[in-house]
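Read through the structure below, which is laid out as structure tokens, and then see the notes.
The values are calculated or read from the model by the stated rules, or taken from the named source; none is laboratory data. Keep in mind it's a predicted model, so treat the numbers as computed, not measured. We place every Cβ from the backbone using ideal geometry, glycine too, and count neighbours over all the protein chains shown. When the accessible area is computed, the model is the full protein with side chains, heavy atoms only, and any ligands, DNA or RNA have been set aside. Shrake-Rupley method; radii C 1.70, N 1.55, O 1.52, S 1.80 Å.
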Amino acid sequence: MPLQVTATIPIFRIFDVAKAKAFYVDFLGFTVDWEHRFDAAAPLYMQISRAGLTLHLSEHHGDCCPGSTVFARVTGLTEFHAEITAKGYGYLRPGIENTFYQSRCMQVIDPFGNRIRFNEFDEK
């Protein structure tokens, strides 16, 4: 059987679980699917998801480096922007920009320098 990729799940490095949850769960509306620690003093590794986008967030220093970017093709960008703007998150107020390739993009940056670019293509 030839190789088939069934999912791609980016990993973002985090340094503070409370800040990560405030950003991803409270602000962006992701759901925590599961959390894992090898013991009570070990770093956290967790999966979050929303609307077909799944991310792994890791406190483990060897998993990845901060400052990564995920490009997500979406629909419903205007509604999503209105939803998160209404929450009044004090550390980020993203806008929607028109791109050079006939799309609209809203970039969010988490407290650790990781970015998600929510990109919606025009249906012209």
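Running Debye on region 38-79 with equal point scatterers at the Cα sites and no solvent, what base-10 log of I(q)/I(0) appears at q = 0.20, 0.33 Å⁻¹?
These q points yield log10 I(q)/I(0) values of -0.79, -1.24.
Scan around C64 for amide H atoms under 5 Å from its own, H built in the peptide plane at 1.01 Å from N, and keep only partners 5 or more places away or cross-chain.
For C64, no residues qualify.
Mind running the shape call on the chain? Use the C-alpha gyration tensor, a ≥ b ≥ c as the square roots of the eigenvalues: rounded below 1.5 for a/c, prolate if a/b tops b/c, oblate otherwise.
Cα axes put the chain in the oblate bin.
Out of the total accessible area of region 54-105 (probe 1.4 Å, heavy atoms of protein only), what percent is carbon and sulfur? Show your work: numbers first, answer last.
Details: 1770 of 3360 Å².
Answer for region 54-105 is 53 percent, counting heavy atoms of protein chains only.
Using the basic label-point model (7 angstrom from Cα toward the beta carbon), what is the N98 to A41 distance in nanometres?
Taking the simple label geometry, N98 and A41 are separated by 5.8 nm.
Residue by residue through region 34-44, which ³J(HN,Hα) values in whole Hz follow from phi under the Karplus form 6.51 cos²θ - 1.76 cosθ + 1.60 (θ = phi - 60°), with glycine and proline marked x?
3J(HN,Hα) across region 34-44, in whole Hz: 6, 10, 9, 9, 5, 7, 4, 9, 7, x, 8.
Keeping every protein chain present and rolling a 1.4 Å probe, give me the accessible area per residue for the chain in Å².
Values: 7740 Å² over 124 residues.
Counting only protein heavy atoms, the per-residue value for the chain is 62 Å².
Rounded to the nearest 5, what is the percent of antiparallel bridges among the DSSP beta bridges in the chain? Please report the intermediate quantities before stating the final value.
Working: 20 of 28 bridges.
Bridges in the chain that DSSP calls antiparallel: roughly 70 percent.
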